[in-house]
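Inspection log for the structure reproduced underneath, given as structure tokens.
The values are calculated or read from the model by the stated rules, or taken from the named source; none is laboratory data. This one's a predicted model, so the numbers in the text were calculated from it and none came from an experiment. As a convention, Cβ positions derive from the backbone with ideal geometry for all residues, glycine included, and neighbour counts pool all protein chains shown. To get the accessible areas, we keep the full protein, side chains included, count just its heavy atoms, and leave off ligands, DNA and RNA. Shrake-Rupley method; radii C 1.70, N 1.55, O 1.52, S 1.80 Å.
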Amino acid sequence: MQEVSEHRFEFTLSDLPRAEFVKLSDALNLALYGGVLSIRYEGSIPSSAIEDGMLSIAQGTWLLDTEHGRVLGPRCVNVARPGAILFDIEDNSEPDPTRSAELEQKYIARLERHRKWLAEQPVDRQADLALAPSPRRHDPDAIAPFWRAEIARRQTGFYSKLNMAARSGDVRFMGIPVDGPWTLEPSTFGSLPQDILAAYFSVDRDFDEDSCISAIGPEASEPDYDEASAEGRYVSYRDVVVERVSFLRFLKVTYPSVLNAASAQDQLKTKEAIRVLARALRQDPGMSKAAAAELVGWPVRSRRFETEIWPEARHAADLHPRGQAGRKGKSTQA
């Protein structure tokens, strides 16, 4: 197959279809990206080939493999709408700082244990043991970049909450059962689905954007179990659909910004005001609250400015959140 790298496609984001049950893939698209994904493409490859192409993500870029070649799509961090779960993730190639900090703490703990062990050895052996390899610090290149780690964190949080909602019966699913800890069969929606009981979600399951639910996560190794024993078998599902009303109710309670564009835009405006003001405060730590409000175009006595913009911008600038001046950690008047 010849790679057609000069061709590109974009996504359009549409509303969730109006039906009692909708495809799981469409529901997940709505939550993660703010709308149902569909490809917008104008080029030499026939539309039928585009429709039959297989989507994937490589190095953070959407790809569409067709019989006529590969079509490049947008960066995955640029797809989501304001308010969606995956919106506003910086495309930063630096190693994820959260993971780096975790591994650094583990390295320090290993090093301390090694030093303690060395000190407990006989004196006549310590000189030789000191030359032996000691615990190694982690390799930054082995840590996922920030954007990838942040996507994983947000998806993990969302899927955990969706599992909880399914477990309590607040969100209803239907699908075609498949024996095994996961399903490799694509969803074709060629069969009549059956109810997936709330009890199925007594442990967290893995939701797939191909409208599948796997009994265990895709990265786990297949567990040992007796295929002849009903108690030991795993059941996954394909052709999964979700009740539209219950899913939207779940989003409204758990992720309200996904369904409220006005609220999402307001959050963006607030975040931008915090960013601008924090940068100004680093240059002028003594800036008055009135001057700060005028700078970002927000009423100085408004609740949003008083409770969010002013204290969070000062915190970001390493200043006392409520004070008129002074660095955090110093004795300043609030």
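Structure summary
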| read-out | value |
| --- | --- |
| Relative contact order, percent, the range 87-172 [alpha-carbon distance under 8 Å, six or more residues apart] | 46 percent |
| Contact order relative to length of the chain, as percent, for alpha carbon pairs under 8 angstrom and 6 or more apart | 15 percent |
| Residues Gln126 and Asp170, FRET efficiency given R0 of 51 Å [Cβ-Cβ distance, rounded to 0.05] | 0.25 |
| Cα gyration tensor shape for the chain, rounded if a/c is under 1.5, else prolate or oblate | oblate |
| Residue pairs, from the table Lys23/Lys252; Lys23/Lys271; Lys269/Lys289, whose Cα atoms sit over 26 Å apart | Lys23/Lys271 |
| Accessible area of the chain belonging to carbon and sulfur atoms, whole % at 1.4 Å probe | 50 percent |
| Structure-based [θ]222 nm, the chain - -39500 (n - 2.57) summed over DSSP H runs of at least 4, per residue, nearest 500 | -11500 deg cm²/dmol |
| Inter-part distance where the range 36-67 and the range 238-280 are each reduced to a Cα centre, Å | 27 Å |
| Accessible area per residue in Å² at 1.4 Å probe, computed on the range 1-154 | 61 Å² |
| Reachable aspartates and glutamates from Lys106, criterion Cα separation under 14 angstrom, eight or more residues apart if same chain | Asp139 |
